[in-house]
Amino acid sequence: MEPTIALLGPPGSGKGTQAARLRDEAGFVTLSTGELLRQARAAGTELGGRVAGYMDAGDLVPDDVIVHVVCDAVGELAGRPVLLDGFPRTVGQADALGGVLGGQGRELRAAVLVDVPDDVVVERIMGRHQGRADDNPETVRERLRVYHHETEPLVAYYEERGLLRRVDGAQEPDAVAADIQAALE
């Protein structure tokens, strides 16, 4: 059974950097929710039309739609190791993911938390040379508030199931990558 790993952490924790390393060094296929939603929208399918409707209205795409998009993508990757970059984001998504993966003959092997203190996150995001248009202290703090409210409960959820692996994301990227590799062994 090929591994399926969830990579969790606050915005600015380095998840994208570490996901790219796992792709390049360990052969994982990386699935990013944002990228998958944009692809679904561009595909023009019925599901893509639903995604576009939410995105065009500026609304969050509901959990059931996101889970459907992600699980469809995972289903196309039979026999390949998958890294879910920033998914699931809620306990509801995690519950749905577990059920769908089981139906595909997969299971979540680990949920790796790239743990970074809020002050370090704010410093990193504000120091980006090519940041997002909304990378200002107030918006960053709001993104962190949403993360703590919606996503942080996944830490307890996966810890209770014996799947959580914590990695100190405040280290240099090479040290974080080494710790992730060790956590997955």
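Numbers below:
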quantity	calculated
Subset of region 16-53 (residues that are in contact with a Leu (Cβ under 7 Å, 6 or more places away or on another chain) and modelled with pLDDT under 90)	ALA40, VAL51
Test result for GLY169, touching a residue at least 12 places away in the same chain (Cβ under 8 Å), surrounded by fewer than 13 Cβ atoms within 10 Å (Cβ to Cβ) and either more than 22 Å from ARG21 (Cβ to Cβ) or not aromatic (Phe, Trp, Tyr) (or both)	no
VAL100 aliphatic (A, V, I, L, M), free of Cβ contacts under 8 Å to residues at least 60 places away in the same chain, surrounded by 15 or more Cβ atoms within 10 Å (Cβ to Cβ) and in a strand (DSSP E or B)	no
Which numbered condition ARG106 fails, given (1) crowded, with 19+ Cβ neighbours inside 10 Å; (2) at pLDDT below 90; (3) outside any loop (DSSP other than H, G, I, E, B)	(3)
Boolean, VAL29 is in contact with a helix residue (DSSP H, G or I) (Cβ under 8 Å, 6 or more places away or on another chain) and either closer than 27 Å to VAL155 by Cβ or among the small types (Gly, Ala, Ser) (or both)	yes
Count of residues meeting criterion [over 15 Å from ILE5 (Cβ atoms), outside any helix (DSSP H, G or I) and out of contact with any Asp or Glu (no Cβ under 7 Å at 6 or more places or on another chain)] in region 153-185	3
Checklist (1) within 12 Å of the chain's Cα centre (by Cα); (2) at pLDDT below 90; (3) not aliphatic (A, V, I, L, M) applied to PRO62, failing item	(1)
Unique match (being surrounded by fewer than 18 Cβ atoms within 10 Å (Cβ to Cβ) and not polar (S, T, N, Q)) among ASP115, ASP85	ASP115
THR45 vs. criteria touching an Asp or Glu at 6+ places or on another chain (Cβ under 6 Å) and over 17 Å from THR90 (Cα atoms)	no
Residue check for LEU83: in contact with a Ser or Thr (Cβ under 9 Å, 6 or more places away or on another chain), modelled with pLDDT of 90 or more and within 29 Å of GLY49 (Cβ to Cβ)	yes
Test: residue in region 76-91 that is free of Cβ contacts under 8 Å to residues at least 40 places away in the same chain and outside any loop (DSSP other than H, G, I, E, B)	no
Residue satisfying condition, being surrounded by fewer than 13 Cβ atoms within 10 Å (Cβ to Cβ) and closer than 19 Å to PRO11 by Cα, within set GLU185, GLU142	GLU142
Hits in region 15-42 - residues which are under 16 Å from the mean Cα position of the chain (by Cα) and among the polar types (S, T, N, Q)	THR17, GLN18, THR30, SER32, THR33
Region 21-72, residues that are exposed (fewer than 15 other Cβ atoms within 10 Å of the Cβ) and closer than 25 Å to ILE180 by Cβ	ASP24, GLU25, GLY27, GLY34, GLU35
Boolean, ASP59 is without any contact (Cβ under 8 Å) to a residue 12 or more places away in the chain, within 26 Å of ILE125 (Cβ to Cβ) and part of a loop (DSSP other than H, G, I, E, B)	yes
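The values are calculated or read from the model by the stated rules, or taken from the named source; none is laboratory data. Computed from a prediction, not measured in an experiment: that's the story for all the values here. Methodologically, a virtual Cβ is constructed for each residue, glycine included, from the backbone with ideal geometry; neighbour enumeration extends over all protein chains shown.
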